[in-house]
C-alpha cells in the first residue's frame with residue numbers, strides 16, 4: 001500500500017500513454033495504464049483512483065462510454081477526457097456528460113499539471129469533508145435543488161451559466177460553487193461586464209505590456225491572470241460587445257490569453273462562471289450574442305428561482321438579513337411581528353432578495369427598536385398606508401390578516417385600473433410595479449378574469 005495519489009491513464013496510442021505515465025510519475029503520482037475500455041474497467045475493479053485520464057477514441061468504445069461507466073459504478077472519481085485539437089464539440093459533450101475537465105492534443109505540461117492537481121485535490125476534499133452550501137438559505141424545494149446543483153457543479157471544471165432575475169442570488173451561487181470546489185484556495189474574481197468601457201475591455205480581461213498604448217508605463221495583469229488557478233465570474237455577460245465575445249471564446253477554448261502589446265500567448269487555468277438576467281438564447285437568435293460562445297458558456301445551466309416563487313423561505317431569509325444588518329449597525333435585533341411576516345411573505349418582490357434587504361434596512365430605521373410592524377415596512381407612497389392606524393385595527397377585528405391584506409391589495413389595484421381605463425401597462429406604472437408583476441398579482445387575487453362591472457362592484 002502507498003499514500004501516493006493514483007491515476008489511471010486510458011489511451012490506445014502507446015507513445016501518448018507512456019508519455020503521460022512518465023510525466024505523472026515525475027509528479028510523484030502512482031500511475032496505471034490501459035489501452036482500451038475493457039482493460040480500464042478491469043483495472044478500476046482492482047483499486048481506487050484519484051483521477052482517470054481517458055482518450056476519446058479507442059478500439060472498443062469511446063471516452064464517453066468509459067465516463068458513463070465510471071459515473072455509474074465508481075461515483076466521485078474525476079475523469080478528464082483527451083480531445084483532438086480544436087474539437088470544441090467533443091470537449092463540451094464530455095463536460096455535459098459529467099467529465100471533470102478536458103485536455104486538448106497535443107497535451108502540454110502547462111495544461112496537464114493544473115488539471116491533475118485540481119482533480120486530486122478534489123478527491124482529497126471529498127474524503128475529508130462535505131460541501132457547505134448553507135449560505136443558500138431556505139427550505140423550499142426550489143432552493144434545495146439549487147443547493148444540490150451547487151454541490152454537483154463544485155465537483156466539475158465545466159463552465160456554468162447562471163440565469164435568474166436581478167437580486168436572486170446569482171453571484172452568491174457562483175461563490176459557493178467556487179468555495180466548495182478544488183479551486184477554493186485560489187482567487188474568485190467577479191467582474192461586471194457591463195461596467196467596463198468597450199475600449200478598455202481587452203486590456204482589463206487579458207492585461208497589457210509596457211508601452212502597449214499611451215499611459216501603459218508597466219506590465220499589468222488582467223482578470224484572467226488574476227483568476228489563474230481559481231474562478232472568473234462574468235456577471236451580466238450579455239453586455240459584452242461582439243468583438244470581445246470572439247476573444248473571450250478563444251481564451252476559453254484554448255485556455256490561453258494574449259496580453260495587449262504581446263506577441264506570445266500564455267496558458268491560464270481559469271474556470272468560467274457566467275450570469276445575466278437577460279435572455280441569452282433570445283439575444284443569440286437576434287444576432288446580439290454569438291452562438292459558439294453561448295454554447296461554450298452554457299455547458300451546464302443553473303437557474304436561480306425568484307423570491308416570489310418560494311414564499312416559504314421569505315421569513316427565514318428576512319431573519320438572516322435582519323441579523324446581518326443589526327450586526328453591521330451594532331444594534332439590537334428587533335422582532336418582526338407575525339402580521340409583518342405574513343405581509344412580506346405575500347409581496348411579489350420584483351427585486352428579489354436585494355429588494356427584501358432594502359425594505360428591512362428601511363424598517364430598521366423606522367421601527368421602535370423592539371418590533372418591526374407592517375407600517376415600518378411600507379413606504380409613504382404605498383397605497384395601503386392609508387389603511388393603517390385606526391382603520392387597520394377596525395378591519396383586523398372583522399377579517400383574518402390574509403383577507404385584510406388581499407382586500408388592501410385588491411382595492412389599490414382596482415383603483416389604479418379604474419384611473420387608467422383598465423390599461424394594465426399604465427396601471428402597473430401608477431402602482432410602481434412591472435407589468436409582469438401586476439399580471440401575476442391579478443391572477444393571484446382572482447381579478448384577471450373579472451369584468452369591468454365586477455371590478456367596480458368590488459371597489460365599493
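If we sort 67-74, 284-291, 52-59, 407-414 on the protection proxy, mean other Cβ atoms within 10 Å, highest first, what's the order?
52-59, 407-414, 67-74, 284-291
Taking square-rooted eigenvalues a ≥ b ≥ c of the alpha carbon gyration tensor, is the range 6-128 rounded, prolate or oblate, where a/c under 1.5 means rounded and, failing that, a/b exceeding b/c means prolate?
rounded
Take the alpha carbon gyration tensor of the range 261-349, find the square roots of its eigenvalues, order them as a ≥ b ≥ c, and report rounded if a/c is under 1.5; if not, report prolate when a/b exceeds b/c, else oblate.
Judged from the Cα gyration tensor, the range 261-349 comes out oblate (a/c at least 1.5, b/c at or above a/b).
Taking the inverse of the average 1/r across all pairs of different Cα atoms in the range 141-305, what Kirkwood radius in Å do you get?
16.3 Å
Of the beta bridges DSSP finds with both residues in the range 6-128, what % are antiparallel, to the nearest 5?
Antiparallel bridges make up about 10 percent of those DSSP assigns within the range 6-128.
Can you tell me the 0 to 90 degree angle between the C-alpha axis of helix 352-366 and the longest principal axis of the chain, rounded to 10?
Around 50 degrees separate the two axes.
Sorted by mean Cβ packing within 10 Å, highest first, what order do the peptides 191-199, 346-354, 226-234 take?
226-234, 346-354, 191-199
Does anyone have the angle between helix 401-419 and the longest principal axis of the chain? Alpha-carbon axes, 0 to 90°, nearest 10?
80 degrees
Order by neighbour count: 313, 337, fewest other Cβ atoms within 10 Å first, most last.
The order, fewest Cβ neighbours first, is 337, 313.
Provide the percentage of antiparallel DSSP beta bridges, counting only those with both residues in the range 141-305; round to the nearest 5.
Beta bridges within the range 141-305, antiparallel portion: roughly 15 percent.
For helix 14-26, what angle does its Cα long axis make with the longest principal axis of the chain, in degrees from 0 to 90 and rounded to 10?
It is inclined by approximately 70 degrees.
Using only helices, what value at 222 nm comes out for the chain when you add -39,500 (n - 2.57) per DSSP H run of length 4 or more and divide by the total residues, to the nearest 500 deg cm²/dmol?
-14000 deg cm²/dmol
7 Å from Cα along Cα→Cβ at both residue 362 and residue 265: what's the point-to-point distance in nm?
Here the modelled spin labels are 5.1 nm apart.
Which order do 304, 22 fall in if you start with the one that has the fewest other Cβ atoms within 10 Å?
Arranged by neighbour count, lowest to highest, 304, 22 become 22, 304.
Over the chain, what is the mean sequence separation of C-alpha contacts under 8 Å (at least six apart), divided by residue count, expressed as relative contact order in percent?
Value for the chain: 11 percent.
With the Cα gyration tensor of the chain giving a ≥ b ≥ c as the square roots of its eigenvalues, does the rule (a/c under 1.5 for rounded; else a/b larger than b/c for prolate; else oblate) give rounded, prolate or oblate?
prolate
Counting only C-alpha contacts under 8 Å and six or more residues apart, can you give the relative contact order of the range 141-305 as a whole percent?
Relative contact order here is 34 percent.
Can you give the FRET efficiency to the nearest 0.05 for residue 4 and residue 295, using r as the Cβ-Cβ distance and R₀ = 51 Å?
After rounding, the FRET efficiency stands at 0.85.
Along the Cα→Cβ direction, 7 angstrom out, place labels at residue 424 and residue 109. What is the inter-label distance in nm?
Result: 6.5 nm between the two label points.
If you restrict to DSSP beta bridges whose two residues both lie in the chain, what percentage is antiparallel, to the nearest 5?
In the chain, DSSP labels about 10 percent of beta bridges as antiparallel.
Just how far, in whole angstrom, is the range 156-187 from the range 298-376 if you go by their alpha carbon centroids?
About 23 Å separates the Cα centre of the range 298-376 from the one of the range 156-187.
Once label points are set 7 Å from the Cα along Cα→Cβ at both residue 145 and residue 199, what is their separation, rounded to one decimal in nm?
4.6 nm
Where a number appears in this text, it was derived from the coordinates with a stated rule and is not lab data. All values reported here derive from a predicted model rather than from experimental measurement. No Cβ is skipped: glycine too gets one built from the backbone with ideal geometry, and neighbour counts run over all protein chains shown.
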